[in-house]
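Notes to accompany the following structure.
The values are calculated or read from the model by the stated rules, or taken from the named source; none is laboratory data. Model, not experiment: these values are computed from the prediction. Positions of Cβ are backbone-derived with ideal geometry, glycine not excepted, and every protein chain shown enters the neighbour counts.
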Amino acid sequence: MPERLLVTGASGNLGRRTVQRAAAAGWSVSGTYLTAPSAFAGERLDVRDPAAVGELLRRLRPDAVIHTAAGRDDWRAMADGAAHVAVAAASLGIRLVHVSSDAIFSGREVHYDETAPPDPVYRYGAAKAAAETAVRAVAPAAVVVRTSTILGDGGGAHEVLTHRLVSGQATGVLFTDQIRKPVHVDDLADALLELAGNGYRGILNVAGPDVISRYDLGLLVARRDGLDPDLVPAGTIAGQGLRLPADVRLRLDRAQSVLRTRLRGVHEFLAGSARTDVRVVHLSGPAFRALADGDVAAANALSPVPVSDYLAGPECRAVWRMRSRQAEEDPAAAAWVTGVIWDEGRRTAVGRAGFHAPPDADGMVEIGYAVDPAHRRRGYARAALEILLARAAREPQVRRVRVSIAPDNVASYRLASRYGFRKVGEQWDDEDGLEFVYEVPAGPS
Ligand SMILES: NC(=O)c1ccc[n+]([C@@H]2O[C@H](COP(=O)([O-])OP(=O)(O)OC[C@H]3O[C@@H](n4cnc5c(N)ncnc54)[C@H](OP(=O)(O)O)[C@@H]3O)[C@@H](O)[C@H]2O)c1
């Protein structure tokens, strides 16, 4: 396996994930950004500038480059940029993995293997097709990966769009007649890394095996993330007066024989309920106190996982003060009460969740959670709820589980009602005002 890797577009969805997985797999990896530097993308690069591309590759001298960067409406970034990367990589003898797209096809043929020539019908597809031609002419030893809709970890464009449509932040529809073979971002990243380390030359289709419309894909995303599927708007390409590729299916026979990486279908990776990469990490009394004081550094020294400014911020302090008092009175309470919602994949604290207290004399626990506004609408609330319900089901002394929800918090009510919570009363909370109280028996419903 080569050792040094450069990922262009590492501030984007696919690039970021590729950097993360490369680092985890032992590569020494650098990533580029154009406008959004991050921990994964520390090198600024505009691929429209051939001199800058050449200078960066000469300076870093990677063994391989994975070129994911693409400016959606920018021909020069997508087509010329890919040519600049190919020229620089070829002149330095650097392995190149170029990311292309099924957008190069019109959909007239429906099924496309690696020999299919591009017949784009819109500008983005045409730019990606031009990029392929340049890369193959300049760097014949490179691999050109044609892929389809990329999603899976909440950050894919289709996942973001589904959330925006459901919440009313965006208007539009998801097409029932636009058919694709979506791929999980992690599987694609792993395939790109595998190809960076082997000698495959030429075009390779890398997509998921399942065929699905963009609308049905939106429904799967909504169900996974605890959104109301009825709020996903449906439409057709023709109904919107658009000319877009309708049915484009990449054949995967070659990928299945070439790649060790398994490519999962959407029904496998989206049909499951909550996210499995999320944990609730419990804290200790001193960590509660540090958070109540807003002291992130002290909290980080005491917490098993790094906390966030949100958790140490004003919105959460009253909760930590209460938890600190509870832990002083009964240290065993710390293992029940509010902890950190931790995304293992992103290694990020995304909110807080736990029970209000250990089970009372009647075996009742009350669930509380809050997701950091920066991480909302990615399924974390649902994941936290499922984790706490599973814990309640496992603990022999827990018999009932309660949640209290403000009457206008429709999203929380919808989520809770899916898990069998039923209204049992109303209460007045000094901080939160009127709340409806819902309960469900602990254990399998
Ligand atoms: N998304 C899909 O469903 C899909 C489907 C098929 C193929 N693809 C292909 O997969 C690749 C990754 O897609 P994605 O959705 O992960 O992309 P993305 O999230 O939109 O990220 C695009 C990346 O390109 C960078 N970039 C834009 N213009 C640039 C320029 N002139 N010079 C250098 N970098 C530039 C951006 O940097 P900043 O953010 O820092 O500005 C960002 O890092 C692309 O090649 C795309 O065509 C995507």
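At-a-glance table
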{"read-out": "Enumeration of residues in region 123-145 that are within 13 Å of the ligand (Cβ to nearest atom) and either part of a helix (DSSP H, G or I) or out of contact with any Asp or Glu (no Cβ under 6 Å at 6 or more places or on another chain) (or both)", "value": "ARG123, TYR124, GLY125, ALA126, ALA127, LYS128, ALA129, ALA130, ALA131, GLU132, VAL135, VAL145"}
{"read-out": "Residue pairs meeting the criteria (Cβ under 7 Å; at least 6 apart or on separate chains; first under 27 Å from ARG346 (Cα atoms), in region 380-406; second part of a helix (DSSP H, G or I))", "value": "ALA381/LEU415; ARG382/LEU415; LEU385/LEU415"}
{"read-out": "Single residue of region 159-186 satisfying the filter (within 9 Å of the ligand (Cβ to nearest atom) and touching a helix residue (DSSP H, G or I) at 6+ places or on another chain (Cβ under 6 Å)) that is nearest to ALA22 (Cα to Cα)", "value": "VAL185"}
{"read-out": "Whichever residue in region 84-116 is under 24 Å from GLU3 (Cα atoms) and surrounded by fewer than 21 Cβ atoms within 10 Å (Cβ to Cβ) and, among such residues, is nearest to the ligand (Cβ to nearest atom)", "value": "VAL87"}
{"read-out": "Hits in region 358-379 - residues which are part of a loop (DSSP other than H, G, I, E, B) and touching a residue at least 60 places away in the same chain (Cβ under 8 Å)", "value": "GLY363, ASP372, ARG377, ARG378, GLY379"}
{"read-out": "Cβ-Cβ under 7 Å pairs, at least 6 apart or on other chains, region 163-177 side in contact (Cβ under 8 Å) with a residue 24 or more places away in the chain and assigned to a helix (DSSP H, G or I), far side crowded, with 16+ Cβ neighbours inside 10 Å and of a type in the set (Val, Ile, Thr)", "value": "LEU165/VAL232; VAL166/VAL232"}
{"read-out": "Among (1) touching a Pro at 6+ places or on another chain (Cβ under 8 Å); (2) under 22 Å from ASP49 (Cβ atoms), the one test that GLY125 misses", "value": "(2)"}
{"read-out": "Looking only at region 30-48, and only at residues there that are near the ligand (Cβ under 6 Å from one of its atoms) and not in a strand (DSSP E or B), the one that is surrounded by the fewest Cβ atoms within 10 Å (Cβ to Cβ)", "value": "THR35"}
{"read-out": "Any hit, region 336-348, residues being at pLDDT 95 or above and small (Gly, Ala, Ser)", "value": "yes"}
{"read-out": "Check on THR171, surrounded by fewer than 24 Cβ atoms within 10 Å (Cβ to Cβ) and at negative phi", "value": "yes"}
{"read-out": "Candidate set: region 194-212, residues that are in a strand (DSSP E or B) and in contact with a strand residue (DSSP E or B) (Cβ under 6 Å, 6 or more places away or on another chain); chosen: the one surrounded by the fewest Cβ atoms within 10 Å (Cβ to Cβ)", "value": "ILE203"}
{"read-out": "Among residues of region 103-143, those that are closer than 15 Å to ARG251 by Cα and β-branched (Val, Ile, Thr), counted", "value": "3"}
{"read-out": "Residue within region 70-81 that is within 13 Å of the ligand (Cβ to nearest atom) and either assigned by TED's automatic domain parsing to the domain that holds THR348 or touching a residue at least 60 places away in the same chain (Cβ under 8 Å) (or both) present", "value": "yes"}
